[in-house]
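The values are calculated or read from the model by the stated rules, or taken from the named source; none is laboratory data. Remember, predicted model here, so these are calculated numbers, not experimental data. Here the Cβ positions follow ideal geometry from the backbone for every residue, glycine too, while neighbour counts run over all protein chains shown.
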Amino acid sequence: MRRRHTALAGAGALLLTATLTACGIQGSDVIEAGGAATIDVSPQHRQRVLLFFVGQDGRVLPVARARENLFGDPLGRIEHDQPPPTDWPREDPAAGWGTSDPWTDQDLPRLGTDKTLALLMYGPRKAERAVGLGTRLPDPDKQAFQVSHQEGATAEPGAPRRVWIRTSLTVTELDWAAVQQIVCTAVYAEDPSGEVEVVLRGPDGERDPARCE
Amino acid sequence: MTTPDAQAPPAAGRRRRNTTAGARRRRLTRYGLRTRLVVAFLLVAAVSCGTTAALTYRAARNAILEQTQDTAVSHFRDQVRGIGYSLPVDRENLQQSVLTIARQAKPHPWVVFAEYGTMRISSGTRPTSTVLTPELRRTALARPHGSFQRVVSGGTPYLTVAIPTTFKMDETGAGAIRPTGLVFFAVMRLEDEEAEVRAMVLAARDGALPALAVALVPALLAARSVLRPVRDVQRAARHMGQGHLDTRIQVKGGDELADLARTFNESAARLERSVEELQSAEARARRFASDVSHELRTPLAGMLAVTEVLDEDAGGLDPDTAAAVRLISAETGKLAVLVEDLMEISRFDARAAELNTDEVDVAETIRRTLIARHWTDPERIVTHLPDGIRARLDPRRFDVVVANLVGNALRHGRPPVTVRLITTGGALVVEVTDRGPGIDPEVLPHVFDRFYKADPARGRSAGSGLGLAITLENVRLHGGTVRAGNGPAGGAVFVVEIPLRTGEGESTP
């Protein structure tokens, strides 16, 4: 008799709670639904240089600079309000800086990885800083990047291509964001597929191979 | 080892619980079978109704929400997809596209928010939303997937959608796809869905109540179909209790209740057969006793005549033979009384005893009885017989009653024996009291039984052993009662009560 009562009360309570809690629309957890939206970034692929800076939340974000603007103010010198370094390459298409003619886009040669990294070292421009982008890399005085592709043994087939970058920075002291800035910039300057590993080598030693995450 | 003291409190608690459980059981069984059946039926109906409604409601609600969510997410993604931006994102440009997307809302109006670095743009009045949760922002910023979340804020349900944006590294599509850091959010009120869901709840409730009311009809019918056979059995049992052993129930169908009826019928048939056998056996036994008494009567009459002659001549015989002759004579006399009594009892058993009433003066009748038996010694018999009480009685049977009671008192009790006649409230009461040791309480219920021996060791009594039984039958024939008991001063008291019938026309046997 007692157990039957308990069972009845249980059934009633269940019914009641089911009716009450099921009423209306409840909040939910975050539910993933489909992929992201792919947007078009201008300038288009061959006419831009991708550099990676660090947002205020610590994430590494890309900026796309137009190739044709690189000559007029290639490093954002006016914003930086400082003279160009004396060893900075002049306008010399043969040196890999491309051409100033926007109408010959298709024939723009690839900007060298070392040049791209030099742009990165100069830090974000004014518009980029305006949205909170900054750099974790030290001052751009002393750097020169030497990029080498075939140093040491060749990688196994199927494995990502490996690039060695020699710099005067003390690479072991760089934080994750700074390393990612260099690595991502170098990786996408080398190959748009991103299938490249980068080894940073400085006067203080060598870091493990890294990819753009 | 626990001490008895330590065990006592739980035991008391259990006892108390048991009594409350018993009270609850009584409370539940107090309701009739019909009420319990109907309640159980309705309960089952309510549970199944409620469960069905709840499950249907859940499924329908989820379907509504899923459709809205899927539409909103995919449409929002479509709106965001394909827009061109520079990196870093240009504020004016983003503002324009946010407003454009906000106008393309589907399925309901939405407010669009965009987040890039420190830049916060919205299509509404405020650049950021209070509805968007940190979890959604974190998920959208960390993973290149669309995501959504339902949020109830201030009682209003919202659907919040987050779509991060990515871009291709080269035109062929073979290149990598990287997040841009630009994330779009849409906040949409789910008021229509809320209204639809509420309408469903109302519909479920409004549907369930009539369903319960409708369920009452089969519940009552079911209770009726169960209760009708039960009532039949009850009626038959009562009928049978009133002595109609030929009562049978009509058996319909093959269910448990039909089994019950069949069992009842079989039991009734067996009972009827047993009772018939018993009755015929009893009738045979009575007829046998009656026949035996009749057969004994004739030879006994002859023997009585002979013993009388022998008795008279006993004086002339030698002493031993005279004693034997007197013994035979006395025993023959007793045997004759016994046979007479047996025949009287047989007549009662055969319901052949007739009441021949006459209106008599009761005191006079009693006095005549005592004189006829020579019970006139005032030391032994004390009478309180007020004159003028008249009643319709069978004088012969009344004489037997009084003679038996007084004779019994003289034999088993001690004199003086008091005979008192009174009338109370329409009844005639004759009270016979002695001064003896009274009747043993264990014997008291059996004093009117036939041949009952109060003391088994005593063997034969002076009487036939049928005197009080015949008294009882005679009183009953008058429609009265006789009681035996012990008086306050000790001594047996026999009380005869006979309804007073002074009028004419009630002399029927």
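Considering only the range B:284-321, state which residues are in a helix (DSSP H, G or I) and among the charged types (D, E, K, R). Across the range B:284-321, the qualifying residues are B:R284, B:R286, B:R287, B:D291, B:E295, B:R297, B:E308, B:D311, B:E312, B:D313, B:D320. Out of B:L141, B:L99, B:L159, one residue alone is in a helix (DSSP H, G or I) and within 10 Å of chain A (Cβ to nearest Cβ). It is B:L141. Tell me, yes or no, whether the range B:178-189 has at least one residue that is of a type outside the set (S, T, Y) and part of a loop (DSSP other than H, G, I, E, B). No, the range B:178-189 has no match at all. Mind listing whichever residues of the range B:162-191 are hydrophobic (A, V, I, L, M, F, W, C), surrounded by fewer than 16 Cβ atoms within 10 Å (Cβ to Cβ) and more than 7 Å from every other protein chain (Cβ to nearest Cβ)? The answer is none; no residue qualifies.
Which ones in the range B:127-138 are under 20 Å from B:T68 (Cβ atoms) and either small (G, A, S) or more than 7 Å from every other protein chain (Cβ to nearest Cβ) (or both)?
Applying the first criterion (under 20 Å from B:T68 (Cβ atoms)) to the range B:127-138 yields B:129, B:131-133, B:136.
Answer for the range B:127-138, where residues must be under 20 Å from B:T68 (Cβ atoms) and either small (G, A, S) or more than 7 Å from every other protein chain (Cβ to nearest Cβ) (or both): B:S129, B:V131, B:L132, B:T133.
Count of the range B:393-411 residues, restricted to those that are within 50 Å of the chain's Cα centre (by Cα) and surrounded by fewer than 21 Cβ atoms within 10 Å (Cβ to Cβ), is 1. Going through (1) hydrophobic (A, V, I, L, M, F, W, C); (2) part of a helix (DSSP H, G or I); (3) at pLDDT 85 or above one by one, B:L421 falls short only on (2).
Matching residues to (1) of a type in the set (G, A, S); (2) exposed (fewer than 12 other Cβ atoms within 10 Å of the Cβ):
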position: B:L221; (1), (2): no, yes
position: B:S225; (1), (2): yes, no
position: B:P229; (1), (2): no, no
position: B:L257; (1), (2): no, no
position: B:L300; (1), (2): no, no
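Within the range B:322-342, one or more residues are touching a residue at least 60 places away in the same chain (Cβ under 8 Å), assigned to a helix (DSSP H, G or I) and touching a helix residue (DSSP H, G or I) at 6+ places or on another chain (Cβ under 8 Å).
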